[in-house]
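A.B. asks: One structure coming up, written as structure tokens, with questions to follow.
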Amino acid sequence: MTFAILSSFILSIFILFIGKYLRSSAFKWLSLFPFSLFLFFSTFIQGLESGDYWFRNSWIPQLGISFDFKLDGLSSLFALLITGIGTLVYFYAASYLKGHEYINRFFCYLSIFMGSMLGLVLSDNILTMFIFWELTSISSFFLIGFDNNNEESRKSALLALGVTGLGGFFLMAGAICLGNISGTYSLYEMLNSSYDIKSSPLYPLIAIFIFGGAFTKSAQFPFHFWLPGAMKAPTPVSAYLHSATMVKAGIYLLARLTPILGDTPVWNHTLMIVGGITMVYAAIHSLFRIDLKSILAYSTIAALGMMVFLLGIGSNQAIQAVATFILIHALYKAALFMITGTIDHSVHTRNITQLSGLQKIMPVLGIAGVLAALSNAGIPLTFGFIGKDLIYESTLHTTGWFPLILTGVAFLTNILLMYAGFLAGIKPFTGAYTEQYKRLHLPTPSLYVPPLILGIIGIVFGLFPLLAQEMILRKAANTIAGIDVDMHLKIWHGFNLVLGLSAATIISGGILYFIRKPKTSSVTFIDQFDQYSPKYLVQKFIGSFKSFAYGYTKIMHNGYLRIYILAIVFFTTALVGYRLFASVPLQVNTEGLSEFRIYELVVFLIMVVATVMTVATHSRLTAIACLSIIGYCICLIFVFYGAPDLAMTQFTIDTLTVVLFVLVLFKLPSYIKKSRRPIQIRDGLISAAFGTLIALITLQALVHPANKEISKFYAENAYLLAKGKNVVNVILVDFRGFDTLVETIVLSIAAIGVYGLLKYRTAESKIE
């Protein structure tokens, strides 16, 4: 299992470096890779009847992080969707991007994305899931911004990364809280702590964190606005992201955590409200769009809202409905996106007002579009029809006053989704044939066979629902519910209210489709409300934050090293001084101090003179020379007090610093332009305050008893554990070796920076 997941990343590296030497036609064979993974995961389906499959790999046990993968009903459903639809997307993309300069990069990103999604849905450890969660955001950033020469693509990619990255932060916070309460990061073991988690005072905060992660990833209101922008990605990416992968990650997270966090008013009511608002809001928006990908984007948001809505209802019927709808939506939405991509690839437009009569030149693609649209609409004998029935059963079987409201919301959304599906799957192929299409190149079979396969599967599962039920859906529903939900998918349930609602949905959707014609003015109408949209408000906030950041940076990060040092010294003096005077009773005892010896007094006077000269001189070389004198005097003080090793270290560093300063002087003016008097007074006061603070702290340390436990430990164990007699060296190299390593890296980086400055030449200097 671990290799099956990591193989996607291995393949991505191979494609990146070897793919540029391959012909475009060779990339079709890459579809065999996800297909082999699909067959691999299919072999476990039958065995799920007797229990889940576990694949345990220790990673960082000290932190509770492991590479534990679990294959159960829910993860199997997603793994099969990711690899199955991934197979068709790989095959489709090879023709869609044929001849593209960076086709190898595309498949590299796509493979990373597929591996990340597989790792996400199969991880049992929530921290490992978080790592794969972030990898999906990063890889989708490259996929959405694949056309990096297009400014809109870059902006959309950044927006998607920003929103989903924020959600990742929330997920991480929620995961840490869950681990602290349950004592484990294993999702399976958290089931045993469900009561403790839900009764914890942190439960509402945990729910907010999980909602933040799921809602941003699955484009729930008000975080939905990044998804329509993601349409700037190539169509194969849209087909994959919107059907089986990226946006379904949030749905998977909510479904996976429902047995642990669900069945509470906070959980269920929040999901119902947010999901209900999202699906109605997005479905209405799809009415006013004329770009095929935009129509499908908003219908995707509405469908995702429907899934969240059903998880919020939380009944057995709702769990069955959401498990079934996940599969239904993946089949028809991937097909509709591929159909849209093929139309755009051949006709070079996605404007629905300009498309008609394409069945005469693309009959097979038209058949695929009709099949996908019928399943989307819930027409009898399609898989979508069974899904619509389950949705209405879920809303009608709620208690209290909810049934009427919930059913009404679902009814309205389904009508609008049917309208959107007909626009994308049927409208381009019906109507009058346009003469401008005569000279266009017909699509190759690899561009219409994948959506046709998905459309046929939707019909097959509609005619034989038990096939889908027994293969995977019943097991998935059982995993979400945490119990056996006793699923029974049927084509016919008799004449009842559910059938009446389904019929009313189809009739109303059909009437809306034939009455309302898409118009360019519709986009203009809806755009006038953009100033009230969440996207506009977020962009305004980002603009204000940028202004604040500019002002703050102009003051605090203006590029002057002296200002940085001044700020650090000032705040250190203020904070430490406040703590010292507020919490520590000052005691200054000079009785224990030894008298000045003559040579110490001489060295002290030399340091005073050198300090005054450093501040007063106008010559940079003189200032550096005086600083070096101060450094060497400190070396002598170390020697006086029996620390020759520190003296040698100080001597080496001081000498190196002086040499570097002298080298830098070649690039600087010989004389210093003195600051204005107020600035000198300011710097002098801060310096005096800092020096006084250090002196007081030193005097305070002398009157407090020293804690010798740490030094005693090092003295006793330096030779026993590290075989070194010099305790200081042992501490630096062994006991605190990582600190020394980091310090060495910092010094190396600084050395590289100095070298770069020495080698730097401006254009003017080159001319001279």
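The values are calculated or read from the model by the stated rules, or taken from the named source; none is laboratory data. Quick caveat: nothing in here was measured; it's all calculated off a predicted structure. Please note: Cβ atoms are built from the backbone with ideal geometry, for glycine as well, and neighbour counts cover all protein chains shown. Accessible surface areas use protein heavy atoms only, side chains included; no ligands, DNA or RNA. Shrake-Rupley method; radii C 1.70, N 1.55, O 1.52, S 1.80 Å.
A.B. asks: Let me spell it out: the conditions are (1) of a type outside the set (S, T, N, Q); (2) surrounded by 24 or more Cβ atoms within 10 Å (Cβ to Cβ); (3) at positive phi, and G314 meets all of them except one. Which number is the exception?
C.D. replies: Tallying (1) of a type outside the set (S, T, N, Q); (2) surrounded by 24 or more Cβ atoms within 10 Å (Cβ to Cβ); (3) at positive phi, G314 fails exactly one: (2).
A.B. asks: Among the numbered criteria (1) open to solvent by 10 Å² or more (accessible area, probe 1.4 Å); (2) on the phi > 0 side of the Ramachandran plot; (3) not hydroxyl-bearing (S, T, Y), which single criterion is violated by G357?
C.D. replies: The failed condition is (1).
A.B. asks: In addition: Whether any residue in the range 533-542 is under 30 Å from S294 (Cα atoms), at pLDDT 85 or above and open to solvent by less than 30 Å² (accessible area, probe 1.4 Å) is what I want to check.
C.D. replies: yes
A.B. asks: May I ask you to list the residues in the range 365-408 that are buried (at least 24 other Cβ atoms within 10 Å of the Cβ), farther than 21 Å from G341 by Cβ and either in contact with a strand residue (DSSP E or B) (Cβ under 9 Å, 6 or more places away or on another chain) or among the hydroxyl-bearing types (S, T, Y) (or both)?
C.D. replies: T382, Y392, S394, T395
A.B. asks: Out of all the residues in the range 133-167, which are part of a helix (DSSP H, G or I), among the small types (G, A, S) and more than 18 Å from L120 (Cβ to Cβ)?
C.D. replies: Listed by number, the residues that qualify are S153, S156, A157, G162.
A.B. asks: For the range 503-527, how many residues are exposed (fewer than 12 other Cβ atoms within 10 Å of the Cβ) and within 31 Å of the chain's Cα centre (by Cα)?
C.D. replies: 1
A.B. asks: If a residue has to be at pLDDT 85 or above and either among the aromatic types (F, W, Y) or more than 19 Å from L463 (Cβ to Cβ) (or both) to count, how many in the range 485-502 make the cut?
C.D. replies: Residues flagged as at pLDDT 85 or above and either among the aromatic types (F, W, Y) or more than 19 Å from L463 (Cβ to Cβ) (or both) within the range 485-502 amount to 5.
A.B. asks: Answer yes if at least one residue in the range 344-354 is open to solvent by less than 10 Å² (accessible area, probe 1.4 Å), more than 22 Å from K475 (Cα to Cα) and assigned to a helix (DSSP H, G or I), and no otherwise.
C.D. replies: The answer is yes; a qualifying residue exists.
A.B. asks: Inside the range 209-246, can you point out the residues that are outside any helix (DSSP H, G or I) and buried (at least 24 other Cβ atoms within 10 Å of the Cβ)?
C.D. replies: Hits for the range 209-246 are S218, A219, Q220, F223, H224, A233, A244, T245, M246.
A.B. asks: So which strands (runs of 3 or more DSSP E) are wholly in the range 51-101 and hold at least 2 residues that are free of Cβ contacts under 8 Å to residues at least 40 places away in the same chain and open to solvent by 10 Å² or more (accessible area, probe 1.4 Å)? Full working, then the answer.
C.D. replies: Numbers: elements: 53-55, 58-60, 69-71.
Passing ranges, in order: 58-60.
A.B. asks: Scan the range 142-156 for residues that are in contact (Cβ under 8 Å) with a residue 60 or more places away in the chain, open to solvent by 40 Å² or more (accessible area, probe 1.4 Å) and not basic (K, R) and report the count.
C.D. replies: Of the residues in the range 142-156, 3 are in contact (Cβ under 8 Å) with a residue 60 or more places away in the chain, open to solvent by 40 Å² or more (accessible area, probe 1.4 Å) and not basic (K, R).
A.B. asks: Do you know which of the residues in the range 247-274 that are part of a loop (DSSP other than H, G, I, E, B) and not charged (D, E, K, R) is most open to solvent (accessible area, probe 1.4 Å)? Write out each step before concluding.
C.D. replies: If we filter the range 247-274 for residues that are part of a loop (DSSP other than H, G, I, E, B), which is where we start, we get 247, 262-264.
Add one more test, that the residue is not charged (D, E, K, R), and what stays is 247, 262, 264.
Values: V247: 0, G262: 2, T264: 24 Å².
Filtering first and then ranking leaves T264.
A.B. asks: Now for a separate question. If you check S111, S139, which single one turns out to be without any contact (Cβ under 8 Å) to a residue 60 or more places away in the chain and either open to solvent by less than 10 Å² (accessible area, probe 1.4 Å) or farther than 30 Å from I343 by Cβ (or both)?
C.D. replies: Only one candidate passes the filter, namely S139.
A.B. asks: Go through the range 572-669 and tell me which helices (runs of 4 or more DSSP H), entirely inside it, have 1 or more residues that are loosely packed, with under 15 Cβ neighbours inside 10 Å, among the aromatic types (F, W, Y) and touching a residue at least 24 places away in the same chain (Cβ under 8 Å).
C.D. replies: Output list reads 598-616, 620-640.
Residues are listed down the side, and each one gets a yes or a no for (1) closer than 23 Å to F461 by Cα; (2) within 32 Å of the chain's Cα centre (by Cα):
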| position | (1), (2) |
| --- | --- |
| L336 | yes, yes |
| A377 | yes, no |
| P380 | yes, no |
| E393 | yes, no |
| L396 | no, no |
| L417 | yes, yes |
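A.B. asks: In addition: Which of (1) within 17 Å of S218 (Cβ to Cβ); (2) crowded, with 20+ Cβ neighbours inside 10 Å is the odd one out, the single condition G162 does not satisfy?
C.D. replies: With respect to (1) within 17 Å of S218 (Cβ to Cβ); (2) crowded, with 20+ Cβ neighbours inside 10 Å, G162 is out only on (2).
A.B. asks: A follow-up question, please. So which residues in the range 686-707 are assigned to a helix (DSSP H, G or I), over 15 Å from T572 (Cβ atoms) and either open to solvent by 80 Å² or more (accessible area, probe 1.4 Å) or among the hydroxyl-bearing types (S, T, Y) (or both), if there are any at all?
C.D. replies: Once the filter is applied, which keeps residues that are assigned to a helix (DSSP H, G or I), over 15 Å from T572 (Cβ atoms) and either open to solvent by 80 Å² or more (accessible area, probe 1.4 Å) or among the hydroxyl-bearing types (S, T, Y) (or both), the range 686-707 yields T698, L702.
A.B. asks: State which residue pairs qualify: first residue touching a residue at least 40 places away in the same chain (Cβ under 8 Å) and inside the range 714-739, second residue surrounded by 13 or more Cβ atoms within 10 Å (Cβ to Cβ) and part of a helix (DSSP H, G or I) in any location, beta carbons under 8 Å apart, and separation of 6 or more residues or different chains.
C.D. replies: Listed by first residue and then by second, the contacts come to N726/A718.
Here's the yes/no breakdown for (1) β-branched (V, I, T); (2) open to solvent by less than 30 Å² (accessible area, probe 1.4 Å); (3) at pLDDT below 90; (4) part of a helix (DSSP H, G or I):
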site	(1), (2), (3), (4)
T128	yes, yes, no, yes
I131	yes, no, no, yes
F170	no, no, no, yes
G174	no, yes, no, yes
I181	yes, no, no, yes
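A.B. asks: Of (1) charged (D, E, K, R); (2) out of contact with any Lys or Arg (no Cβ under 9 Å at 6 or more places or on another chain); (3) open to solvent by 70 Å² or more (accessible area, probe 1.4 Å), D486 satisfies all except one. Which?
C.D. replies: (2)
A.B. asks: Right, here's the next one. Quick check on my filter: what residues within the range 26-50 are open to solvent by 60 Å² or more (accessible area, probe 1.4 Å) and in contact with a Ser or Thr (Cβ under 9 Å, 6 or more places away or on another chain)?
C.D. replies: Hits for the range 26-50 are K28, L32, F35, F38, L39, F40.
A.B. asks: For the range 253-265, does any single residue satisfy the condition of being over 24 Å from N180 (Cα atoms) and within 22 Å of the chain's Cα centre (by Cα)?
C.D. replies: Scanning the range 253-265 turns up no residue that is over 24 Å from N180 (Cα atoms) and within 22 Å of the chain's Cα centre (by Cα).
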